[in-house]
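Participant: My questions all concern the structure below.
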Amino acid sequence: MQITMVGTGYVGLVSGVCFSEFGLEVICVDKNHSRVEQLKQGQVPIYEPGLDDLVRSNIGSGRLKFTQDLEMAFANSVATFIAVGTPSRRGDGHADLSYVYTAAKEMAPYLPNGVVVVTKSTVPVGTGDQIEETIATARPDLKPGIGFDVVSNPEFLREGSAIEDFMRPDRIVVGAASERARSVLRQLYRPLFLRDTPFLFTDRRTAELTKYAANAFLATKITFINEMANLCEATGANVQDVAKGMGLDGRIGSKFLHAGPGYGGSCFPKDTEALVQMGRDFNAMPKIVDTVALVNSERPEQMAKKVIEACEGNVSGRKIAVLGLTFKPNTDDMRDAPSIGIISFLQNAGAQIYAYDPAGMAGAKKILQNISWGDSAYSVIKGASALVIATEWNEFRALDLERLKCLMKDPIIVDLRNIYRPVEMEDAGIKYVSVGRPDN
């Protein structure tokens, strides 16, 4: 079976490569000529552990191809996946669907009879209806439900573990109206059926909303435990023990109960905003999600103030070292990373920022200004008045504390990810501040 993947961004590339690993013939299409040529050579333009090897092996097997030839890409496809970006629209927070609708319009002339068009992109409720109308208008010879189907199959990939998430997902959600379309999706995901992966077959609008609901709930858990961390700091309680006590309740679960500088990345910020706007459009305002987005937007400033307080209320003219810039480890994604707001606030307070990240430096340099960049953790620590751990990369989890103490001007660590134990810092003679925990 052959499928076409429209878009070779994060979702499109990972999905296309993993489908080819399942044994399908996959043709990936993208408007970006240089990206297509780069991928043809097996050069992956995004950071995702293990993706490079899978791209090269599946190109070598002949199952994975990259092209800008639309006629060739769609001619023999049983299914076409739309996996283009849906960023927040400037000014109002709605999802920008221009790339989705452009993709539908431009591929319509080349779609074969009987094709299943699948939206992988995260799209608001009703988008599938518009895609169906766009294709039907451009191709009156193809009747919806007969000549083609439009299906919603949202992705649930986490950056840094996307391949594992695709190969061993918690569930597959498919919103389809016809049994024929459902049958095609079953065939495409056949290896997962054999592993007894849960499949939810539902209607298209429900599938579209499910993705937003899932991301908004996870963002809510993160924001909730951050608010509990604030309360722990005020009362002397320990947020890690609070989270453990909550997480042991099977109704709650332990995941996403890690206090820190707030959520970021390519999904949670834009999806919570889009869900709020969707609620306004349908006169069903999700007040909890609206509050979650507001509280999270305030979190970076709170974290920066924590750093300033650790420095006796003044960082003006002082060197502050920041370890970790990406919104989470094992990715190079800087989109809406908490570090951006934290650093900007510290700079406004007069701090001189020295920063290092194992994978996010290139992206960070496009966003952050007046930063001194290091090539290792210790290169930015030397002479610092405080060290801020903003992202919990593994290489920051076992720093040589004696070396660190000797290198720093003032041995102060502000650990925004709680990766160290206060007692070991106390033993090392380092002033240590974490999130939602007693400092000793």
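The values are calculated or read from the model by the stated rules, or taken from the named source; none is laboratory data. Keep in mind the model is a prediction, meaning the values are calculated, not measured. Cβ coordinates were reconstructed from backbone atoms using ideal geometry, including for glycine residues, and neighbour counts include every protein chain displayed.
Participant: Might you check whether a residue that is within 30 Å of Ala83 (Cα to Cα) and in contact (Cβ under 8 Å) with a residue 40 or more places away in the chain occurs anywhere in the range 301-313?
Facilitator: no
Participant: Being modelled with pLDDT of 95 or more and either polar (S, T, N, Q) or touching a strand residue (DSSP E or B) at 6+ places or on another chain (Cβ under 9 Å) (or both) narrows it down to one residue among Arg171, Arg190; which is it?
Facilitator: Values: Arg190 fails: either polar (S, T, N, Q) or touching a strand residue (DSSP E or B) at 6+ places or on another chain (Cβ under 9 Å) (or both).
Arg171 is the lone residue from the list that is modelled with pLDDT of 95 or more and either polar (S, T, N, Q) or touching a strand residue (DSSP E or B) at 6+ places or on another chain (Cβ under 9 Å) (or both).
Participant: What tally of residues in the range 6-27 results from selecting those that are under 25 Å from Met334 (Cα atoms) and touching a strand residue (DSSP E or B) at 6+ places or on another chain (Cβ under 8 Å)?
Facilitator: In the first step, residues of the range 6-27 are kept if they are under 25 Å from Met334 (Cα atoms); the result is 6-18.
Subset that is touching a strand residue (DSSP E or B) at 6+ places or on another chain (Cβ under 8 Å): 6-8, 12-13, 15-17.
Counting residues in the range 6-27 that are under 25 Å from Met334 (Cα atoms) and touching a strand residue (DSSP E or B) at 6+ places or on another chain (Cβ under 8 Å) gives 8.
Participant: While we're on this one: Tell me, which residue of the range 307-331 that is touching a strand residue (DSSP E or B) at 6+ places or on another chain (Cβ under 6 Å) and in a helix (DSSP H, G or I) is nearest to Leu275 (Cα to Cα)?
Facilitator: Checked the range 307-331; the qualifying residue nearest to Leu275 (Cα to Cα) is Val307.
Participant: Moving on. Does the range 385-401 hold any residues that are of a type outside the set (S, T, N, Q) and surrounded by fewer than 24 Cβ atoms within 10 Å (Cβ to Cβ), and which are they?
Facilitator: Of the residues in the range 385-401, the ones of a type outside the set (S, T, N, Q) are 386-390, 392-393, 395-401.
Hits for the range 385-401 are Glu392, Trp393, Glu395, Phe396, Arg397, Ala398, Leu399, Asp400, Leu401.
Participant: To continue, here is another question. Given the criteria of a type in the set (S, T, N, Q), assigned by TED's automatic domain parsing to the domain that holds Cys18 and under 28 Å from the mean Cα position of the chain (by Cα), does Ser161 qualify? So that I can check it myself, show each step before the final result.
Facilitator: Numbers: of a type in the set (S, T, N, Q): yes; assigned by TED's automatic domain parsing to the domain that holds Cys18: yes; under 28 Å from the mean Cα position of the chain (by Cα): yes.
Yes, satisfied.
Participant: Checking the conditions here, which among Gln277, Gln240, Gln302 is part of a helix (DSSP H, G or I), surrounded by 15 or more Cβ atoms within 10 Å (Cβ to Cβ), in contact with a His (Cβ under 6 Å, 6 or more places away or on another chain) and at pLDDT 95 or above? Let's see the steps before the verdict.
Facilitator: Details: Gln240 fails: in contact with a His (Cβ under 6 Å, 6 or more places away or on another chain); Gln302 fails: in contact with a His (Cβ under 6 Å, 6 or more places away or on another chain).
Going through Gln277, Gln240, Gln302 in turn, the sole match is Gln277.
Participant: Could you tell me whether Gly245 is more than 24 Å from Thr272 (Cβ to Cβ) and either not assigned by TED's automatic domain parsing to the domain that holds Gly12 or not in a loop (DSSP other than H, G, I, E, B) (or both)?
Facilitator: yes
Participant: Go through the range 328-367 and count every residue that is closer than 21 Å to Ser316 by Cα and surrounded by fewer than 21 Cβ atoms within 10 Å (Cβ to Cβ).
Facilitator: 8
Participant: While we're on this one: Of all the strands (runs of 3 or more DSSP E) wholly in the range 106-222, which have at least 3 residues that are among the β-branched types (Val, Ile, Thr) and touching a residue at least 60 places away in the same chain (Cβ under 8 Å)?
Facilitator: Details: elements: 115-119, 148-152, 172-175, 199-202.
Of the strands (runs of 3 or more DSSP E) lying wholly inside the range 106-222, those with at least 3 residues that are among the β-branched types (Val, Ile, Thr) and touching a residue at least 60 places away in the same chain (Cβ under 8 Å) span 115-119.
Participant: Within the bounds of the range 250-270, is there any residue that is over 30 Å from Gln2 (Cα atoms), in the same structural domain as Gly341 (by TED's automatic domain parsing) and touching a strand residue (DSSP E or B) at 6+ places or on another chain (Cβ under 8 Å)?
Facilitator: Yes: the range 250-270 contains one or more residues that are over 30 Å from Gln2 (Cα atoms), in the same structural domain as Gly341 (by TED's automatic domain parsing) and touching a strand residue (DSSP E or B) at 6+ places or on another chain (Cβ under 8 Å).
Participant: Considering the range 126-138 alone, what residues qualify as being buried (at least 17 other Cβ atoms within 10 Å of the Cβ) and over 31 Å from the mean Cα position of the chain (by Cα)?
Facilitator: Listed by number, the list holds a single entry, Ala136.
Participant: Sticking with this structure for a sec: Quick one: in the range 402-429, of everything that is buried (at least 20 other Cβ atoms within 10 Å of the Cβ) and more than 30 Å from the chain's Cα centre (by Cα), which residue is farthest from Leu323 (Cα to Cα)?
Facilitator: The qualifying residue farthest from Leu323 (Cα to Cα) is Met425.
Participant: Looking only at the range 147-172, which residues are surrounded by fewer than 22 Cβ atoms within 10 Å (Cβ to Cβ) and among the β-branched types (Val, Ile, Thr)?
Facilitator: Residues satisfying the conditions are Ile163, Ile172.
Participant: Counting just the residues of the range 323-377 that are of a type in the set (Asp, Glu) and free of Cβ contacts under 8 Å to residues at least 60 places away in the same chain, which one comes out farthest from Pro45 (Cα to Cα)?
Facilitator: Checking each candidate, the answer is Asp375.
Participant: Check off (1) within 13 Å of Val322 (Cβ to Cβ); (2) over 27 Å from the mean Cα position of the chain (by Cα) for Lys382 and give me the number that stays unchecked.
Facilitator: Lys382 satisfies every listed condition except (1).
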